[in-house]
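What follows is a structure written as structure tokens; I'll ask about it next.
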Amino acid sequence: MKKKLITLENVEEFIVGDELNMSKDMILLPKVNDYLKNKGVKIRYVSDGCKSLEERIKLILTKDFNISDERVIGEVLKKVKGGINNGY
């Protein structure tokens with residue numbers, strides 16, 4: 001299993017809302033840990049990481065916007081996927 005090194009340069013890619021989803025295949029540099037603490041970002045340990053765009057969108061909708069209605073989440077996902085497929 002190839003490990004992902006989380007650096008100050010790429011850490012923002014893994015932050016969703018105020019959490020960093022950390023999986024077993026990720027290595028977090030100590031200075032990144034300090035950076036996360038200073039920004040108030042919590043580290044959330046997950047079994048396989050939150051890798052897909054769909055999973056990240058669902059987390060943003062539930063955590064940042066308190067949207068839990070599956071129908072609404074489904075509509076947002078459909079719009080985003082449509083936008084991506086149409087070049088937005």
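All of the numbers you see were taken from the coordinates with simple rules; none came from a lab. Quick caveat: nothing in here was measured; it's all calculated off a predicted structure. Cβ coordinates were reconstructed from backbone atoms using ideal geometry, including for glycine residues, and neighbour counts include every protein chain displayed.
What full-extension length gain, to one decimal in nm, is calculated for Lys42 and Asp18 as 0.36 nm per residue of separation minus the Cα-Cα distance?
Numbers: separation 24, 0.36 × 24 = 8.64 nm, distance 0.63 nm.
In short, 8.0 nm is gained.
Next question, about the same structure. Extension gain Val76-Glu9, at 0.36 nm per residue separation less the Cα-Cα distance, in nm?
Once the chain is fully extended between Val76 and Glu9, it gains 21.2 nm.
What translational diffusion coefficient, to the nearest whole µm²/s, does the chain have by Stokes-Einstein, given a Kirkwood radius computed over alpha-carbon pairs, a temperature of 10 °C and 1.306 mPa s viscosity? Before the final figure, lay out each step's value.
Numbers: Rh = 14.3 Å.
Approximately 111 µm²/s, per Stokes-Einstein.
Under 22 Å between alpha carbons, and skipping anything fewer than 8 positions from Lys81 in its own chain: which lysines qualify?
Lys81 reaches Lys51, Lys58, Lys63.
Could you point to the residue in Leu61, Tyr45, Leu5 farthest towards the positive end of the chain's charge dipole, with +1 and -1 charges on the Cβ of Lys/Arg and Asp/Glu respectively?
Farthest along the dipole direction, towards plus: Leu5.
What is the angle, in °, between the Cα long axis of helix 70-85 and the longest principal axis of the Cα atoms in the chain? Nearest 10 is fine, range 0 to 90.
80
Give me the one-decimal nm value for the distance between modelled label points at Ile67 and Ile27, 7 Å along each residue's Cα-to-Cβ direction.
Inter-label distance under the simple model: 3.8 nm.
Let me ask something else. Is there a quick way to get the dipole size of the chain? I mean about its Cα centre, with the Cβ of Lys and Arg at +1 and of Asp and Glu at -1; what is the value in debye to the nearest 20?
Values: 17 positive and 14 negative charges, 41 e Å.
Once rounded to the nearest 20, the dipole reads 200 debye.
Something else now. Would you list which aspartates and glutamates come within 18 Å of Lys3, measuring only between C-alpha atoms, while excluding same-chain residues fewer than 8 positions from it?
Straight-line reach from Lys3, under 18 Å: Glu12, Glu13, Asp25, Asp48.
Restricting to DSSP H runs of at least four residues, report the calculated mean residue ellipticity at 222 nm for the chain, -39500 (n - 2.57) per run over all residues, nearest 500 deg cm²/dmol.
-14000 deg cm²/dmol
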